[in-house]
Amino acid sequence: MATEVIDSTLDFRMLAEHRLYLMKVARLQLRDEHLAEDCVSDVLTQAYEKRASFRGGSSLRTWLTAILKNRIIDLLRKQWREQPLEVPGDEGEGAIERMFDASGHYAHMPSEVRDPAELCQQDGFLAAVQRCVDMLPKRIGQVFVLREVFGTETKDICKDLDLTTSNVWVQLYRARMMLRTCLERGGFGHAQPR
Amino acid sequence: MRSLARQPMIRISCQQASLLLSQQQDESLTLGKRLRLRLHLMYCDACTNVSRQFAALRLAMMRWRERD
C-alpha cells in the first residue's frame, strides 16, 4: 500500500517535470495564458489517468506532446467555430503583396543567411523567432505552430481543422513570408536584437 | 541561344518561386514545379536567400522546441 502511494507520487512528479515545456508550447499555440494553463493542467491530468498506457517506447515528453496536440486541436476547433473570420484565410494577404513589385520580383533584396545551423544556436535568434511567431495574425500563427512545432503533416491539419489543402499551403506560405520580413528587422544576419 | 529559363512556360516570378519554396517544406513538388524552381534559383539571388531563410526558420522552430 505504502509503496503504491510513493510510486504514484513519483509518477506525477515525473509528468510535472515537463509542465514548463508544455506551457511554452501551449502559450505559443493558444496565445492566452489562462487557456494555456488550463490546457496543460488537463493534459497532465489526462496523462496521469492513463499513465498505465504509457509503454515507454517513445520518450515521456513525446507522449505528453501527443496528448497536448490533441487537446489543442479540440480547443482550436472550438475557437475557430465560435469566431469565424469574415473573409476566411485572407489575413496577411496585403503584407505579402507589398513585398513584390508589379512584375512579381522582390522589392527589397532578402538578407543572406550564411549559416542557418550556426544562427539557430543563438538564443537571441530563437527568441526573435518566437517574438515574430507571436506577432503573426492569430490563425496563420496557429497553423504554422501546428506544422512546425508539432510536425503535423499538412493533410492532417486539413482534416483536423476542416481546411482545404490549398488553404493550408497559403497560410503556411504567408506565415513564412511574414516571419522572414519580421526577422529582416533584427534576426537574420544581425547581432542579438533587443 | 535562348536559354530554357527565358521561355515563358518555364520562367516563374519570385512570388511564384517563393510559394514553391514554402510548399516544398510541406509536400514533395511535382517534377514540373521542381524544375521551374531549380531554374529560377539558378539566376535569382533573392529567392536563393529566401530559400535559406526558410531553412533557418524550420531549424529554428526545431531548436526552439528542444529547449526547456
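The values are calculated or read from the model by the stated rules, or taken from the named source; none is laboratory data. The structure displayed is predicted, hence computed values, not measured ones. Quick reminder, even Gly has a Cβ in these numbers, built from the backbone with ideal geometry, and neighbours come from all protein chains shown.
Yes or no, residue by residue, for (1) in contact with a Cys (Cβ under 9 Å, 6 or more places away or on another chain); (2) exposed (fewer than 13 other Cβ atoms within 10 Å of the Cβ); (3) under 22 Å from B:Ala60 (Cβ atoms):
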site	(1), (2), (3)
A:Leu76	no, no, no
A:Val129	yes, no, yes
A:Pro137	no, no, yes
A:Gly141	no, no, yes
A:Asp156	no, no, no
A:Leu161	no, no, no
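On the stretch given as segment A:87-126, residues that are among the aliphatic types (A, V, I, L, M), within 9 Å of chain B (Cβ to nearest Cβ) and either loosely packed, with under 12 Cβ neighbours inside 10 Å or within 15 Å of B:Leu57 (Cβ to Cβ) (or both) total 5.
For segment B:25-44, the criterion of being in a loop (DSSP other than H, G, I, E, B), modelled with pLDDT of 95 or more and at the interface with chain A (Cβ under 7 Å from one of its Cβ atoms) is met by at least one residue. Looking across segment A:20-72, the residues that are within 15 Å of the chain's Cα centre (by Cα) and of a type in the set (Lys, Arg) come down to A:Lys24, A:Arg27, A:Arg31, A:Lys69, A:Arg71. Taking the criterion of being touching a Leu at 6+ places or on another chain (Cβ under 7 Å), under 22 Å from A:Arg71 (Cα atoms) and among the hydroxyl-bearing types (Ser, Thr, Tyr), the only residue of segment A:145-187 that qualifies is A:Thr152.
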